[in-house]
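Everything on this sheet refers to the single structure shown next.
Just so you know, all these numbers are worked out from the coordinates, no wet-lab data involved. What you are looking at is a predicted structure, and each value in this text was computed from that prediction instead of being measured. FYI the Cβ positions are ideal-geometry reconstructions off the backbone, even for glycines, and counts take in every protein chain you see.
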Amino acid sequence: MLKQAFGDKSLGQTQTYNWYKCFKNGWTLTDDDDRSGRPSAGITPENVAKVRDLILQDCRLTIQDLCNTLGLSYGTCQRILLEELNMRRIVAKFVPRLLQNEQKQHLLEVCRELQQQFQKDPNFLSKVVTGDKSWVYGYEPESKQQLSQWKSPSSPWPKNA
C-alpha cells in the first residue's frame with residue numbers, strides 16, 4: 001500500500017514490519033539508540049572554532065599540526081577546513097619587502113650590533129662589503145608545503161615575506 005501511495009521513495013515491506021514491531025514493543029520515539037564504539041567527536045561547532053582560531057593565528061599550519069594540537073583525526077581536520085571553513089591551501093607569493101615581526105626584530109638587532117661596532121671603531125663601516133641586486137632570503141622553507149597557506153575565499157591572496 002505504501003508503494004502505491006508514495007512510489008519508490010517509500011519504505012520497503014521488511015522495514016515497515018520492523019518499525020511496526022518496534023512500536024508494538026513500546027517504542028515511542030524515533031531517535032537512534034546509543035551505539036557501541038568510539039563516539040563521533042569530529043565536526044562540532046567547538047572544534048570548528050578551535051581550528052579557525054589556530055589557522056588565524058598561523059596560516060602556515062599543516063593539517064597534521066592541527067591533528068596533533070587538537071587530538072582530532074586527519075580526515076576530521078581536513079573536512080573542517082575544506083567543508084566547514086571553506087578554506088584552500090595555496091602557495092604564497094614571495095615579496096621581500098613585506099617582513100614579519102620576527103624578521104623585523106632580527107633586522108633591528110643586527111642594526112644595533114652594527115651601531116655598537118661603529119661606536120667602538122669608526123673605521124668599521126669601511127670594512128663592510130655591500131652590493132646591489134643580490135637576493136638574500138630571510139626565510140628558508142624546509143619543504144614546499146611550508147610555502148603554502150590556508151586561504152578563505154574572501155581573504156586576500158597571501159604574500160610571503
Residue 67 paired with residue 16, simple spin-label distance in nm, labels 7 Å along Cα-to-beta-carbon
4.7 nm
A correct Karplus calculation of ³J(HN,Hα) over the stretch 76-83, with 6.51 cos²θ - 1.76 cosθ + 1.60, θ = phi - 60°, whole Hz and x for Gly and Pro, returns 5, 4, 5, 5, 4, 5, 7, 9
Give the calculated FRET efficiency between residue 58 and residue 4 to the nearest 0.05, with a Förster radius of 45 Å applied to their Cβ-Cβ distance.
0.15
What list of ³J(HN,Hα) couplings, whole Hz, do you get for the stretch 57-62 from phi and the Karplus terms 6.51, -1.76, 1.60, once you set θ to phi - 60° and write x for glycine and proline?
6, 8, 6, 8, 4, 8
